[in-house]
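Below is one structure, written out as C-alpha cells; comments come after it.
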Amino acid sequence: MTAEETLAQLAQEIMVCTKCALHQERKKAVPGEGPATAEIMFIGEGPGFHENEQGRPFVGAAGKFLDQLLEQAGVTRAEVWIGNVVKCRPPGNRDPLPDEISMCCDTYLENQIKVINPSIIVTLGRFSMGKFVPGAKISAIHGQMRKVGDRFVIPMFHPAAALHQAALKPAILADFAKLPELLKEARAAQGKSAVEKKMEETPKQNDEPKQLSMF
C-alpha cells in the first residue's frame, strides 16, 4: 500500500475503534489530517467539542489561533499533518488518562508517525510532550528542539493555553517564529532537502517497464 492508503486504512480503523472508554461518548473520532509526506507533524492532546462534531482536528478557537501561528511561521495548514495523542474527545474536555494515551498512541499514532516520517514533530501541550519527553516540564523546554529517536521534537504550549492565559501568548508566538529555522536545522542534520523530502515516496517515472502486479 502507498502511504496515503495506509493512513486512510488507519483512519477507518480509528473511526470504529472501541479499544478504550472514550469511544462511548464520541460523535466522530478524529484520526488527524494532512499530507502523507508532511515535513512537520503537529500532535495535540485530544479532540474538543467542535472536533468531535466535525471529525477534524483543531477546528475550534484553538484551531483558528493555530492557523494564525502557522501563517506567521510561513507554513500553510495544507503542508503539515495535524492530529492528537487520543483520537476521541475525553468527556467534558477532561485530560486524557494515561491508559487512553497509551492505547491510542501504541495502536494508531506510532503507525501514523512511521508512515509520514516527518523531519520535525511539534507537540502541542504537556500530554503530547510527555509522549516524547517524559518527566519534563513544558515551561522549561518549550520551543527547544531535541533529537528523540530518529527524528526531532519541539515541545510547545497548546494554542488553547494562550486563549486561557494571555501571559503565555508571547512565548507561543516566539516559539512558532523559530519554526522555519528549526526545520532547516532538522533537514541539515538528516541530510535531506525540502525537495528530497517531498520526493521520498514519489515513484520514479522513467524506470524500464516491468511486469505488473495487481498490488
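Of the residues ALA166, ALA171, only one is touching a His at 6+ places or on another chain (Cβ under 7 Å) and either closer than 12 Å to ILE120 by Cβ or modelled with pLDDT of 50 or more (or both); which?
On inspection, the qualifying residue turns out to be ALA171.
Taking the condition of being more than 17 Å from the chain's Cα centre (by Cα) and buried (at least 17 other Cβ atoms within 10 Å of the Cβ), how many residues in the stretch 1-18 meet it?
So the answer is 1.
Do we have PRO47 as over 24 Å from PRO170 (Cα atoms), open to solvent by 10 Å² or more (accessible area, probe 1.4 Å) and in contact with a strand residue (DSSP E or B) (Cβ under 8 Å, 6 or more places away or on another chain) here?
no
What number goes with the only condition from (1) surrounded by fewer than 17 Cβ atoms within 10 Å (Cβ to Cβ); (2) over 14 Å from the mean Cα position of the chain (by Cα); (3) closer than 16 Å to ALA38 by Cβ that ALA78 does not pass?
Going through the list (1) surrounded by fewer than 17 Cβ atoms within 10 Å (Cβ to Cβ); (2) over 14 Å from the mean Cα position of the chain (by Cα); (3) closer than 16 Å to ALA38 by Cβ, ALA78 breaks only (2).
Which residue pairs have Cβ atoms under 8 Å apart, sit 6 or more places apart or on different chains, and have a first residue in the stretch 1-21 that is at positive phi and a second that is assigned to a helix (DSSP H, G or I) and crowded, with 16+ Cβ neighbours inside 10 Å?
Filtered contacts from the stretch 1-21: no entries.
Suppose the filter is at pLDDT below 95 and either open to solvent by 20 Å² or more (accessible area, probe 1.4 Å) or farther than 21 Å from ALA171 by Cα (or both); does GLN68 pass it?
Answer is yes for this residue.
Mind checking which pairs have a first residue in the stretch 73-92 that is on the phi > 0 side of the Ramachandran plot and a second that is of a type outside the set (Val, Ile, Thr) and assigned to a helix (DSSP H, G or I), Cβ under 7 Å, 6 or more apart or different chains?
Taking only residues 6 or more apart or on different chains, the pairs are GLY74/PRO180.
The values are calculated or read from the model by the stated rules, or taken from the named source; none is laboratory data. Computed from a predicted structure; not experimentally measured. Cβ sites come from the backbone with ideal geometry, for glycine too, and all protein chains shown count toward neighbours. To get the accessible areas, we keep the full protein, side chains included, count just its heavy atoms, and leave off ligands, DNA and RNA. Shrake-Rupley method; radii C 1.70, N 1.55, O 1.52, S 1.80 Å.
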